[in-house]
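Notes for the one structure printed next.
The values are calculated or read from the model by the stated rules, or taken from the named source; none is laboratory data. Just so you know, these numbers come straight off a predicted model, no measurement behind them. Quick reminder, even Gly has a Cβ in these numbers, built from the backbone with ideal geometry, and neighbours come from all protein chains shown.
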Amino acid sequence: MKPTRDWLGLRRELPEGRRNVLVVFSFALPLMLWCLVSYVPWIWHPMVRIADPGEVSYFQKEMLIEKKVFAAENRTMREAGLRQAQGSPANPIFLPAPHKVAQALITAFQTPPRLPNEPWLHESLLHSISIIFWGFALSSIIGLPLGILCGTFRAASRLTEPFIEFFRYLPAPAFGALCVAMMGIHDAPKIAIIFIGTFFQQVLVIANTVRKNDPALLEAAQTLGASRRQLIFRVIIPGSITDIYNDMRILLGWAWTYLIVAELIGATSGITYFINQQGRYRNYENVYAAIMMIGVIGLATDLALAWLGNNLFPWKRQGQKSLWETALDYIRPDYVK
Amino acid sequence: MSASVLELPDYRELAPEVAARFDKISERPVILEVRNLNKVFESAEGPRQALKELSFEVRRREFVTVIGPSGCGKSTLIRMLAGLDEQSSGQILLDGREVSGPGPDRGMVFQGYTLFPWLTVKKNVMFGLEIGGHSEAVAESEALQWIEMVGLGSFANAYPNQLSGGMKQRVAIARALANKPRILIMDEPFGALDAQTRCQMQSHLIQIWRQVDVTILFITHDLEEACYLSDRIMVLGSNPGHLMEFIRNPVPRPRSDEQCLSPVFLSVKKKAGGVDPPGPILEPGATAEDSHDPGGG
Ligand SMILES: Nc1ncnc2c1ncn2[C@@H]1O[C@H](COP(=O)(O)OP(=O)(O)OP(=O)(O)O)[C@@H](O)[C@H]1O
Ligand SMILES: [Mg+2]
């Protein structure tokens, strides 16, 4: 369909220029909002950063004080004829300015941990990634074949799906205590939580995808003489493989959402440990930096998988695409998931 | 059946050489035989008879078209012939043996596009051959010949989504023929194509049929298509689907586009159209041609 210049065209694509503007804005708008709140002194800024404590006994330089308290103390000083404190409007410590977080994104990787046995940020991240990887891999090794089986054979579906349907409503973190009791406090129970969070959804989603496979193709193959086994391996699996691949990408995203809970179980570890420690030290820039790293890793993984998928399944491809073009398609939601 | 149809002169009287042609066809062996075929669908509102007591036979290298109004059971019939559905009663014999389940001896081409989207044109055509146990090299060289035959040699490595509707159906024909079926059964294969492409595909199909030893059962609801392609036209009526008439098509071969306007062609078309009931009721004096033309001309 031809692009339309109408901003509100129903399900119509916009011209290249307008599309790109919107892509930029989708990231720029939240960032601008954050900048406004951080850098324009009369927007929000509920605190005062003390520049000169005056003669208020407990004020100190660089201290953050609530506006109300600051005004009250200064009133007291004025009435008593003492020197008043000076300060500038500031945001609470839990909302650092964008440039602080940007700095932290670099320095957090360069700063050695405070305690000798604490991990570096990159070590924490790697540990988290390995938990996700093993949880997701174990889930897929069982879930993928089981899902395909359920999608193919009604018998398998009737035997397993009702129970899985029930089990998937049980929140994975609820099994934390049990997992620790069974598997100790280190990585095993964390991987188990990711597994529980992913596996049951995975079987159902993949079974459904396989069931959506066009039955006319199956019939066409039958009339060409395909046996049951050939139907499975030459029609059912290749026919749903692209959709399964996309399901797996979405499921991997879900696996990440279980990460923090999983890492809190037993001995806190990975990026969660890093975030908790930095919070304790009140290094909120680092907390933001760590949270953003999770987003960046998630997005980058999915992007790489999208690009890989485009190369693995040439029949779905509209043409050879570079990683950069994949990224553009990916950001502009006109690609078909 | 309207009076105007009955008044038409019998083509047999018109052309003795036509009768000779059909006598020759009737000496050939029977490939497909259908005996007292019934199909009843069990639905929520109770049983529904889709086909009733259908019997016919198709002889070797014959081109038979099946025509009838929508819902008269054409697809139901071919699904049973293909072995994809089971008949309620009756027999389907291929070369004298009862068919059970789908098999490569009956090549199918459906109205919807059923190429495997993940396989190239070549691999699609190779599918049946590889399944049938041919080595990859043999399958490939045979597939390429069939692709050449349907005129898509330069598209052997294209994927189906890069082809037009007509090209997809040509690949589907090549894929079905590659298995060397006893009979090629086609369910409105050109129904989704535009008029021009459809014309091209029809003459293309005739060409293929002349080159290859294959019997064709072709379903359509386009009268002109039926007349242009067939040796015989099987006219089905609906509610429930039943055989109304088997018309021998006297139009000589090879057929050209101009022949579609010849009196013989028109009389066949009228005959087939006239026994096709769900048109408007014919006024006395009006011809079947004027008032009922499901093919759209
Ligand atoms: N699976 C089914 N269950 C119940 N009734 C069915 C089923 N399939 C077909 N029918 C009925 O059988 C009759 C014949 O259907 P069929 O699809 O064979 O018609 P058709 O001649 O191919 O029509 P068209 O020209 O529209 O393709 C229809 O009335 C339809 O409602
Ligand atoms: Mg039909």
### Task
Being of a type in the set (Gly, Ala, Ser), under 13 Å from B:ILE173 (Cα atoms) and more than 10 Å from every other protein chain (Cβ to nearest Cβ) is the filter here, so list the residues in the stretch B:100-153 that pass it.
B:ALA143, B:GLY151
### Message
Can you list the helices (runs of 4 or more DSSP H) lying wholly within the stretch A:138-242 that have 2 or more residues being among the aliphatic types (A, V, I, L, M) and either within 14 Å of another protein chain (Cβ to nearest Cβ) or farther than 30 Å from B:LYS180 by Cβ (or both)?
### Response
A:154-167, A:176-183, A:187-211, A:215-223
### Message
When you scan the stretch A:247-264, do you find a residue that is free of Cβ contacts under 8 Å to residues at least 60 places away in the same chain, surrounded by fewer than 20 Cβ atoms within 10 Å (Cβ to Cβ) and within 14 Å of chain B (Cβ to nearest Cβ), even just one?
### Response
no
### Query
Inside the stretch B:63-75, can you point out the residues that are touching a Leu at 6+ places or on another chain (Cβ under 6 Å) and either farther than 18 Å from B:ALA226 by Cβ or near ligand 1 (Cβ under 10 Å from one of its atoms) (or both)?
B:GLY68, B:CYS72, B:GLY73
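Among B:ILE216, B:ILE185, which is the only one that is away from ligand 2 (no atom under 16 Å from the Cβ) and in a strand (DSSP E or B)? Give the steps one after another, and end with the answer.
Values: B:ILE185 fails: away from ligand 2 (no atom under 16 Å from the Cβ).
The unique qualifying residue is B:ILE216.
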#### Entry: Selection from the stretch B:158-177 of residues that are within 13 Å of chain A (Cβ to nearest Cβ) and under 18 Å from the mean Cα position of the chain (by Cα)
B:LYS168, B:GLN169, B:VAL171, B:ALA172, B:ILE173, B:ALA174, B:ARG175, B:ALA176, B:LEU177
### Task
Given the conditions (1) near ligand 1 (Cβ under 10 Å from one of its atoms); (2) aliphatic (A, V, I, L, M); (3) more than 14 Å from chain A (Cβ to nearest Cβ); (4) touching a residue at least 24 places away in the same chain (Cβ under 8 Å), report the number of the one that B:ALA44 does not fulfil.
(4)
### Summary
Checked A:ARG158, A:ARG154, A:ARG168 against criteria (of a type outside the set (A, V, I, L, M), touching a Leu at 6+ places or on another chain (Cβ under 9 Å) and assigned by TED's automatic domain parsing to the domain that holds A:VAL261); the one match is A:ARG168
### Task
For B:GLU33, indicate whether it is on the phi < 0 side of the Ramachandran plot and at pLDDT 90 or above.
yes
### Task
Residue by residue through the stretch A:110-130, note down the ones that are within 12 Å of A:TYR273 (Cβ to Cβ) and assigned to a helix (DSSP H, G or I).
A:LEU121, A:GLU123, A:SER124, A:LEU125, A:HIS127, A:SER128
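Among the residues of the stretch A:219-230, write down those that are surrounded by fewer than 19 Cβ atoms within 10 Å (Cβ to Cβ) and in contact with a helix residue (DSSP H, G or I) (Cβ under 9 Å, 6 or more places away or on another chain).
Of everything in the stretch A:219-230, those that are surrounded by fewer than 19 Cβ atoms within 10 Å (Cβ to Cβ) and in contact with a helix residue (DSSP H, G or I) (Cβ under 9 Å, 6 or more places away or on another chain) turn out to be A:SER227, A:GLN230.
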### Query
Quick check, is B:LEU94 within 14 Å of chain A (Cβ to nearest Cβ) and surrounded by 14 or more Cβ atoms within 10 Å (Cβ to Cβ)?
yes
### Message
Here is a check on your reading of the model: is B:GLN207 surrounded by fewer than 23 Cβ atoms within 10 Å (Cβ to Cβ) and either more than 16 Å from ligand 1 (Cβ to nearest atom) or within 20 Å of B:PHE116 (Cα to Cα) (or both)?
### Response
yes
### Task
For residues that are of a type outside the set (Phe, Trp, Tyr) and part of a loop (DSSP other than H, G, I, E, B), tally how many sit in the stretch B:75-123.
22
### Close pairs from the stretch B:68-83: first within 12 Å of chain A (Cβ to nearest Cβ) and over 18 Å from B:PRO189 (Cβ atoms), partner more than 6 Å from ligand 1 (Cβ to nearest atom) and among the aliphatic types (A, V, I, L, M), Cβ under 8 Å, at least 6 apart
B:GLY83/B:VAL99
